[in-house]
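Colleague: Have a look at this one before I ask anything.
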Amino acid sequence: MESGRSHFRLSRNVRTVSSEIFIIWDDDIRVGQLHLHYAHDTIHAAVLLEIDLSVREEENLLEAIDEDVVSSYLPSFEREDLLVTLFRAEELSSFSYSSQDIDTLGPEDED
């Protein structure tokens, strides 16, 4: 993935009054998930990476998150109040009490 590509796309999966969940894509490759929690003047972000990224790619991803999501939420937001934690994660399974099958999002699924 280090081949100079660093265009990440965020596809919103869930939105509430105080939080959002996005799927992170690089072309058609699912990179991970972003969980944002808005707490007054502080935004807490948990980035769950499903693949390894270089430090430069991580920086590009954080920049995309800031530009595409955080700045649109609070344009005059103080960057010191954005707390980001990166995790290396692996999806093991999905569970729901719903009798319907769980839909999995693909890169073509947009807002």
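Colleague: Being loosely packed, with under 12 Cβ neighbours inside 10 Å and at pLDDT 80 or above is the filter here, so list the residues in the stretch 89-104 that pass it. Explain how you work it out, then say what you get.
Modeller: Residues of the stretch 89-104 loosely packed, with under 12 Cβ neighbours inside 10 Å: 90-104.
Listed by number, the residues that qualify are Glu90, Glu91, Leu92, Ser93, Ser94, Phe95, Ser96, Tyr97.
Colleague: Of (1) assigned to a helix (DSSP H, G or I); (2) in contact (Cβ under 8 Å) with a residue 40 or more places away in the chain, Glu20 satisfies all except one. Which?
Modeller: Going through (1) assigned to a helix (DSSP H, G or I); (2) in contact (Cβ under 8 Å) with a residue 40 or more places away in the chain one by one, Glu20 breaks only (1).
Yes or no, residue by residue, for (1) under 18 Å from Phe87 (Cα atoms); (2) within 14 Å of the chain's Cα centre (by Cα):
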position	(1), (2)
His7	no, yes
Val14	no, yes
Glu20	yes, yes
Asp26	yes, yes
Ala39	no, no
Leu61	yes, yes
Ile65	yes, yes
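Yes or no, residue by residue, for (1) in contact with a Ser or Thr (Cβ under 9 Å, 6 or more places away or on another chain); (2) modelled with pLDDT of 95 or more; (3) part of a strand (DSSP E or B); (4) surrounded by fewer than 17 Cβ atoms within 10 Å (Cβ to Cβ):
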site	(1), (2), (3), (4)
Ser3	no, no, no, yes
Trp25	yes, yes, yes, no
Leu34	no, yes, yes, no
Val47	yes, yes, yes, no
Leu62	no, no, no, no
Val70	no, no, no, no
Phe77	yes, no, no, yes
Leu86	no, yes, yes, yes
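Colleague: Six or more apart or on different chains, Cβ under 7 Å: which pairs go from a residue in the stretch 28-45 that's at negative phi to one that's in a strand (DSSP E or B) and charged (D, E, K, R)? Could you list them?
Modeller: Here the result reads Leu36/Glu20, each pair linking the stretch 28-45 to a residue that is in a strand (DSSP E or B) and charged (D, E, K, R).
The values are calculated or read from the model by the stated rules, or taken from the named source; none is laboratory data. The model shown is predicted, which means the values in this text are computed figures rather than measured ones. Because the Cβ atoms are built from the backbone with ideal geometry, glycine has one as well, and the counts that use them run over all protein chains shown.
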